[in-house]
Each structure stands twice: as C-alpha cells, then as structure tokens.
Amino acid sequence: MTSVAPAKKLVIIGSGIIGLCSAFHLLRQDWEITIVSSDPADDTTACGSAGAIAIAQVFPASEPGLGLKVPRWLLDPLGPLSIRPGHMPKLMGWLVKFLAAGTSARVEASTRALASLMAPARNHHFELIKEINAQHLLRQNGNLWLYHSERSRNKDAKQWAMRKQLGIKFSAVNKEQILEREPALGPGAHCGYFIPDWCHYIDPQALLANLADYLRNAGVTFVQDTVGGFEFVDERPVAALGENGSKFKFDACLVAAGAHSARLSAQLGDSFPLESERGYNTMLPSTGLDIKTYLTFEEHFVLTPMARGLRIGGAAEFAGLDAPPNYARSKALLKLARRYLPDLNDEGGTQWMGHRPSTPDSLPVISRSTEFSNIYYGFGHGHIGLTLGPTTGRLLSQLIGEDTPDIPLSPFGIDRYS
Ligand SMILES: Cc1cc2nc3c(=O)[nH]c(=O)nc-3n(C[C@H](O)[C@H](O)[C@H](O)COP(=O)(O)OP(=O)(O)OC[C@H]3O[C@@H](n4cnc5c(N)ncnc54)[C@H](O)[C@@H]3O)c2cc1C
C-alpha cells in the first residue's frame, strides 16, 4: 500500500488582492492553504479603489524636482497631498528615502522595473476573470487623460515620450474629440490623451468577493483573525499567532498584509520602510450623467463609471495607520470634479478611505525573506495593487514553488533598504 504524504501547510496573511491572487496561482501546487485576515476579502483596499487596470502607471511617485512642488501642494486645500503634522516625526525616515529615490537614474531604473510588471498585467487579469467567471465586471473602454491647456500637457511631455518608448499605446485628443467621447465633460477639459488598453472594473468589491468564493470552493480555508506575531522552533518560524490565542501552523508563510506588512516582516528579521498613503473616494449613486470612460485629471484625481454610480478617487494623505479618516479630502475631490462636470448631482454620496501600502521607490516587495527560507513577502504595491495583483500572485507562486519567475525579481527584494 502506498501512503500519500499530507499536503504542506501554507498560511497567507491578508485577504486583499495580493493575498487572494497568490492563493489563486498557488492552487496549482500541492499546498493546504489557509488565509488569515483581519478583514474579509470584500472589505479590503482594492474594494474602494478606482478599479483601474492602470497599464500606463509606470512612473514612481518620487521624481526630480518634486521637492519644489511639495510645499505648494501642501498649502493648497484642493492639492493632491497632505501630511498630518503629528505623523511627521514617524514619516521623516521614509520621506528621506522617498526623496532620494527621485534622482533621474533611480527613476529610470524604477520605471523599467514597474514596466516589466505592467507589461503582462492586463492579460493576467483576463486569465483570472475568465477562470473565476467574472468577465462581466470588466470594461475595456480606455482612459481619457485630461489637461486644462497645452501648456500643462507639455509639462508631462517627458513621461508620455517614455510611455511611447515602452510600447504603451495612446493617441493625442483635442477638445472636440474629448467631447465626442464624453459629452458630459464641461469646458475644463482642453486636451489630453486616450489610452485604449486601459480597463476598469465596474465593481471591484464584487471581483474580490467572486475570487474569494472561487478559492473557498477550491478548498482554501479563510479565517478572520489578526496575526500579532510568530512562533519559532529551533529559531525557525513555524506558526502565525492570532490575537485571540489561535495558532496557524505552517510549512511556509506569505505576508500579504498590505500597509500593515512591515509590522509583521520586522518580527521576522526584515525591516522595511513602508508607509500608509491614505487615499479617499466618494461614490455618487445618481449623478445624472452618462460617463463611460475612465477619466484621469491633471490635478491627480480620477473618475470611474461603476455599476453603482460614479466614483471620484484620489488624494495622498500621510497620517499613519491608526488616525481617523479626514473626509475633507473626499470633499476636496468632489470640488475638483465640479470644475469638469458642473452639472454633477452629488446627492446620496458616500465617502471612503483606504491605505495604499507605499514604498519609497514605488516598487512592490515580491521576495523571499532574507532570514528564513519558508517566509515570503508580497506587499507595497502603492497605487497599482489592483492592477498588479494577478501578476504578483503568479510571481510569488513561482518563487514559492521554486520555479524561475517570469520576470527578474531583483528590483523587488525585501533587502533593498537594509
Ligand atoms: C483611493 C484608492 C484608489 C486606488 N485605485 C487603484 C486603481 O485604480 N488601480 C490599482 O491598481 N490600484 C489602486 N489602488 C491601490 C490598491 O487598492 C492597493 O495597492 C491594493 O488594494 C493593496 O492590496 P493588498 O492586498 O496589498 O493590501 P490590502 O487590500 O490592504 O489587504 C491587506 C490584508 O491584510 C489584512 N491584514 C493586515 N494586517 C493583518 C494582520 N496583522 N493579521 C491578519 N491580517 C492582516 C487586512 O485585513 C487585509 O485583508 C487604490 C488605492 C486607494 C486607496
């Protein structure tokens, strides 16, 4: 009689898009998978996101000359950036690294690394939604990227030239062409670009819920608990410890806890500078406007036409993980949207805040631990975690399964700031 060895146990900490997509790819390997998460999958960051498969977002946030723009942004109540003064002492170390990542050479290297992840991202989404039967949630209507004037468009000329070099498709549009696509837009939108391959989800929460259901049906166990630490045997981590005394034994563990991940990685010997870059949205159920295209505005906010209304999203607020939301940020976004959509009806709007897990160089961590061969990390996807979820999940499954990753992972190591 042959005896079958029991499947090895894999614990994934976090049921966000990164944890779920990793589990999705790891189903092809022989693991007994448990996902331990403080929040249910349909209440994680991607659910409140702008829903974009943001294929043209290949630039890190830090760039040459940013230091000069920041004071102006901080003083403008409608500006894209805010920092709570009380958080400044904690933020300083991250900020120094962030500004250091903005040299021309480092921006070029980070852009190429991000572009390597971005290139297959759209196809990875197509594969995922086909398998989980969620094609109805995706719209392939492109993105109109809008500017007030030729002058402001020209300020971004370098980035558009780089996009062209990287093979990202787009075409210039004038006012008439913009209005032809989106007649509801007012006089604010003067010119821009249309990016045809950009897609968006009309209900990101339903995507996460569908994916979690698919995983559950495939045998993945979900447990709602917060991991506070790890158990070590012979100086090797063997279990994640829940706050209420539960113990989740593992042969291998993937930390995919979004903006909370660095609290856990530090306990495993890997310190990493990770910040919560808080973003806001307002969901408007009945705007009275018929908008079909995802819209990006030069003031750093976006509009997504979704199944349950129009979502206005954006803002970058540094206030840490625990401070209460400041919904004045959502109101500021609404005010900006009115510049372009003067007839916008905002009755019944609901506001939301979420934590983007942000690294100083805007590159995610897709990595094995420096200390332990059974610990892996998938976090730090900042503004593009929904976009890169399926790609990161695939890469992590290759790393965990000891296959050669499709994309070189050296730029995404946990050790790059040690
Ligand atoms: C306003 C806004 C708009 C955005 N728009 C887009 C967009 O259009 N396109 C795009 O690609 N990206 C977008 N993003 C970014 C994207 O949403 C994130 O990068 C992504 O959702 C992060 O996913 P994650 O799985 O890493 O983390 P999360 O979704 O935050 O999930 C982390 C998980 O870890 C769990 N957790 C945390 N700590 C613990 C612990 N100690 N123990 C157990 N569980 C724990 C949490 O409960 C949660 O389940 C947007 C973000 C914001 C805020």
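Taking the residues in segment 228-273 that are among the charged types (D, E, K, R), in contact (Cβ under 8 Å) with a residue 24 or more places away in the chain and within 18 Å of Thr370 (Cβ to Cβ) as candidates, determine which candidate is farthest from the ligand (Cβ to nearest atom).
Arg236
So which residues in segment 30-55 are surrounded by fewer than 16 Cβ atoms within 10 Å (Cβ to Cβ) and in a loop (DSSP other than H, G, I, E, B), if there are any at all?
Correct list: Asp30, Asp39, Pro40.
For segment 288-318, name all the residues that are more than 11 Å from the ligand (Cβ to nearest atom) and of a type in the set (Lys, Arg).
Lys292, Arg308
Do you know which of the residues in segment 24-59 that are of a type in the set (A, V, I, L, M) and more than 11 Å from the ligand (Cβ to nearest atom) is nearest to Gly229 (Cα to Cα)? Break it down stepwise before answering.
Within segment 24-59, the first condition is being of a type in the set (A, V, I, L, M), and the residues that meet it are 26-27, 33, 35-36, 41, 46, 50, 52-56, 58.
Retained after the next criterion (residues that are more than 11 Å from the ligand (Cβ to nearest atom)): 26-27, 33, 56, 58.
On the way: Leu26: 24, Leu27: 26, Ile33: 19, Ala56: 38, Val58: 34 Å.
Applying the filter and picking the extreme gives Ile33.
Go through segment 244-295 residue by residue and tally those that are of a type in the set (Asp, Glu) and either assigned to a helix (DSSP H, G or I) or touching a strand residue (DSSP E or B) at 6+ places or on another chain (Cβ under 6 Å) (or both). Break it down into steps so the answer makes sense when it comes.
Going residue by residue through segment 244-295, those that are of a type in the set (Asp, Glu) are 251, 270, 275, 277, 290.
In the following step, the residues that additionally are either assigned to a helix (DSSP H, G or I) or touching a strand residue (DSSP E or B) at 6+ places or on another chain (Cβ under 6 Å) (or both) were identified as 251, 275, 277.
So the count comes out to 3.
Of all residues in segment 358-402, which are part of a loop (DSSP other than H, G, I, E, B), under 20 Å from Lys8 (Cα atoms) and either without any contact (Cβ under 8 Å) to a residue 40 or more places away in the chain or within 13 Å of the ligand (Cβ to nearest atom) (or both)?
Ser373, Glu402
Can you find a residue in segment 319-334 that is more than 13 Å from the ligand (Cβ to nearest atom), closer than 15 Å to Trp145 by Cβ and in a loop (DSSP other than H, G, I, E, B)?
no
Given the condition touching a helix residue (DSSP H, G or I) at 6+ places or on another chain (Cβ under 6 Å), surrounded by 16 or more Cβ atoms within 10 Å (Cβ to Cβ) and either over 22 Å from Asp197 (Cβ atoms) or β-branched (Val, Ile, Thr) (or both), answer yes or no: does some residue in segment 110-127 qualify?
No - not one qualifying residue is present in segment 110-127.
Are there any pairs, at least 6 apart or on different chains, whose C-beta atoms fall under 6 Å, with the first in segment 306-331 and touching a residue at least 40 places away in the same chain (Cβ under 8 Å) and farther than 13 Å from Gly51 by Cα and the second of a type in the set (S, T, N, Q) and in a strand (DSSP E or B), and if so, which?
Once the first residue is touching a residue at least 40 places away in the same chain (Cβ under 8 Å) and farther than 13 Å from Gly51 by Cα and sits in segment 306-331, its partners that are of a type in the set (S, T, N, Q) and in a strand (DSSP E or B) give Glu317/Ser82; Leu321/Ser276; Tyr327/Gln351; Ser330/Thr282; Ser330/Gln351.
Bear in mind that the values in this text are calculations on the coordinates, not laboratory data. What you see is a predicted model; the values in this text were computed from it and never measured. Virtual Cβ from ideal backbone geometry, glycine too; neighbours counted across all protein chains shown.
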